Amino acid sequence: MAERGRPRSRRGGGKETRSVPRRPGRVGRERRVARLRRLGAVRMADAAKALGLSTTRRAALVAIVVCALAFTIAVPLRTYLSQRADVAAHERQVQRLEAEVAELEKRRDELRDPAQVEAEARRRLRYVMPGETPYIVQFPEDRAQSGTGTDDGASEPEPWYEMVWNSVTER
């Protein structure tokens with residue numbers, strides 16, 4: 001048995017006796033690399049033989065492991081992507097609702113002015129102040145555009161509040 005720390009030669013042991021010192025050259029390096037590759041291939045083949053696996057079985061085992069990893073990753077990835085899409089949709093909805101809130105706040109601020117409320121009542125509900133005489137001016141172009149122009153004087157339908165009042169007062 002060789003002593004620890006001392007390299008063994010192929011001839012059986014002891015010191016390596018060489019008259020010319022070795023110079024690592026390109027040829028020597030290539031030989032060492034080739035020898036290491038052969039040893040690695042031999043070790044791999046020995047491990048495969050020890051496990052009793054042929055090349056085809058090893059390839060099938062690798063394919064099964066890769067498929068298992070792919071399926072393990074696929075479900076969480078799909079969940080992650082769907083949640084990202086949901087978050088993006090909710091963010092768009094929040095932006096739309098914030099814009100709507102800003103618009104409604106602006107409208108609320110406009111309607112806090114009593115003059116604006118009075119103008120809205122006059123325009124939309126056709127209210128008049130006591131003592132005023134209401135007039136509705138109709139131009140022939142307006143009748144043609146609205147499509148309700150007739151010669152008997154009925155130019156537009158009654159407002160909803162008048163129809164409700166008439167239905168209540170009729171017996």
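Results for (1) among the β-branched types (Val, Ile, Thr); (2) part of a loop (DSSP other than H, G, I, E, B); (3) at pLDDT below 90; (4) under 50 Å from the mean Cα position of the chain (by Cα), shown as yes or no for each residue.
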residue: Gly131; (1), (2), (3), (4): no, yes, no, no
residue: Glu141; (1), (2), (3), (4): no, no, yes, no
residue: Asp151; (1), (2), (3), (4): no, yes, yes, no
residue: Asn166; (1), (2), (3), (4): no, no, yes, no
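Looking across region 89-132, the residues that are open to solvent by 90 Å² or more (accessible area, probe 1.4 Å) and either hydroxyl-bearing (Ser, Thr, Tyr) or at positive phi (or both) come down to Arg126, Tyr127.
The values are calculated or read from the model by the stated rules, or taken from the named source; none is laboratory data. Keep in mind that this is a model prediction, so the values were computed, not measured. Accessible surface is based on the protein model in full, side chains and every heavy atom, while ligands, DNA and RNA are left aside. Shrake-Rupley method; radii C 1.70, N 1.55, O 1.52, S 1.80 Å.
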